[in-house]
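Below is one structure, written out as structure tokens, with a few remarks after it.
What follows is calculated from the coordinates using simple rules that are stated; it is not laboratory data. Because the structure is predicted, anything quoted here is derived from the model rather than measured. Glycine gets a Cβ as well: all are built from the backbone with ideal geometry, and neighbour counts include every protein chain shown.
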Amino acid sequence: MELQLLADRYETVTIISVLDSMQCARRARSVICADASTVPPEANLFMNTEVRPIPSRFYSLDVIRGLAALTVVVWHWQHFLLGGTDAGAFQQTGQPFYSQLALLYHWGWLAVDFFFSLSGFVFFWLYGQAVAERRVGAGAFFVARFSRLYPLHLVTFIAVMLGQAFYRSENAAFFVYSFNDGYHAVLNLFMASGWGLEKGPSYNGPIWSVSIELLLYLMFFVLCRRNLGRPLMLAVLVVAGLCLLHVLPALGRGMISFFAGGLAYAAYGALRAKPAAYRWAAGLAVTSWIAVLFEFRTGQLSAALTSIAQWLIPGSRDAMPDLLGKMKLQGIAIVLFPLTIVSLALLETWRGTLGRRVAFIGHLSYSSYLLHFPLQLAFVIVAGALGVGRDFFYTHESFLLFVAVLIPLCFASYYWLELPAQRLLRRTMMPTRRLARQSPALQSEESAR
């Protein structure tokens, strides 16, 4: 419609200023129509200023959530080669498929920050307004999170507790995580293993980030219930997280990324009405990723900035690498990850769906995150029983075998444990009539993890 109006305006101006006859006008009109017919559909899309609705599900975010979880699995491959052995013998470049996966072996731990950021975006999307309008109460919110997270946590906690007891009886030491006593068992049962009360990592170590998310959920709920979930307050909480890094590093790290994710949702809401911004956001995200990957591969951007700082401030060369390193990591958490999420959300809003056919990858996220360490423990126990040394885990075959067991196990966990347990707990803890009155967010809630 708008394209036709533009054509009509152009035709009118052309007739008035140039054409002197009806024959010339018809020729001009035919040229204009021909030009209009050659405009690609994408151009029509970005000329359309109609605000597109928010999708009922962001499939692209499901996909990237699953991929991020698998990134953590690769990062933790070192457990096989460090746990119970001399750390000095570890050969990082000797890990399986190192040339293809080097970036994940070095920087895969950052995927946890991406999880926090994605959770922030998803919670403000699914729950923010519903909590503020009291369509989702505290009880329903608690049941939704408890039923989604606790069943698999409990199963993996028991599995690791038994596995570690057996491993210690055979090796006189625990595998990787050593604080496996009664005190830390209680912390794990209450999902409080990352709250700063612990003496060190224990049992199923990766659960620490989930325990931090519980605190973030509480902060989120109070914030939204009191109608304080505005961008300025979220920015203040990001800064508060930065300040907490030296006192409670795990909580500070979670706050930075979670509330940066909340800001990402606010940005998405503002940009959704501006179709031209979709391409700009995507282009900026791609450019940022190229710059970050280039820096991770070469370190040349940091070197250049260090040289500039030395020229501007003589004597700053020694302090600059550490400062730039911290700025780089915080920039990734505060800018790159939220920008990536916003770009994917905008693109999916534009297209209608994005990644729907492979969205099942998202089902792997929580299960692979919690199952990979118990499975590593099982592999090490079996390898020891068979007389296979740790050097086996430097081979490609060990990697392929582990993945071939992990992936089906994760899908089995999702469909045969997580979903049935979630439905059972919700039916038990929240009556059907009460559940029906809650926000539809509870029905889409698995996207949060």
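Side notes on the structure shown:
- Entry note, region 180-256: relative contact order of 27 percent, from Cα contacts under 8 Å with a spacing of 6+ residues.
- For region 62-135 versus region 187-258, the gap between their alpha-carbon centres in whole angstrom: 17 Å
- Phi-based couplings in Hz for region 116-132 (Karplus 6.51, -1.76, 1.60; Gly and Pro marked x): 4, 5, 5, 4, x, 4, 5, 5, 5, 6, 7, 10, x, 5, 5, 5, 4
- Length gained when the stretch Leu189-Ile158 is fully extended (0.36 nm per residue, less Cα-Cα span): 10.2 nm
- Extension gain for the segment Leu323 to Thr428, taken as residue separation times 0.36 nm less the Cα-Cα distance, is 32.6 nm to one decimal.
- Neighbour-count order for Cys224, Cys243, Cys410, fewest beta carbons within 10 angstrom listed first: Cys243, Cys224, Cys410
- Pairwise label distance in nanometres, Arg230 with Ile313, each label 7 Å out on the Cα-Cβ vector: 3.4 nm
- Cβ-based exposure ranking for Arg297, Arg272, in which fewest neighbours within 10 Å come first: Arg297, Arg272
- Cβ-based net charge around Ala266, under 13 Å, with every Lys or Arg adding one and every Asp or Glu removing one: +2
- With R₀ fixed at 60 Å, the C-beta to C-beta distance from Lys199 to Lys274 puts the FRET efficiency at about 0.75.
- Note that region 219-230 has calculated 3J(HN,Hα) couplings of 4, 4, 4, 4, 4, 6, 4, 8, 6, 10, x, 8 Hz, one per residue in order, obtained from phi through the Karplus relation 6.51 cos²θ - 1.76 cosθ + 1.60 (θ = phi - 60°); glycine and proline are x.
- Across region 96-111, rounded Karplus estimates of 3J(HN,Hα) from the backbone phi angles (6.51 cos²θ - 1.76 cosθ + 1.60, θ = phi - 60°) give x, 6, 4, 4, 8, 10, 3, 4, 6, 5, 8, 10, x, 5, 5, 4 Hz, Gly and Pro being marked x.
- DSSP-assigned coil residues among trypsin sites (Lys or Arg not before Pro) in region 112-159, each with at most 12 further Cβ atoms within 10 Å: Arg134
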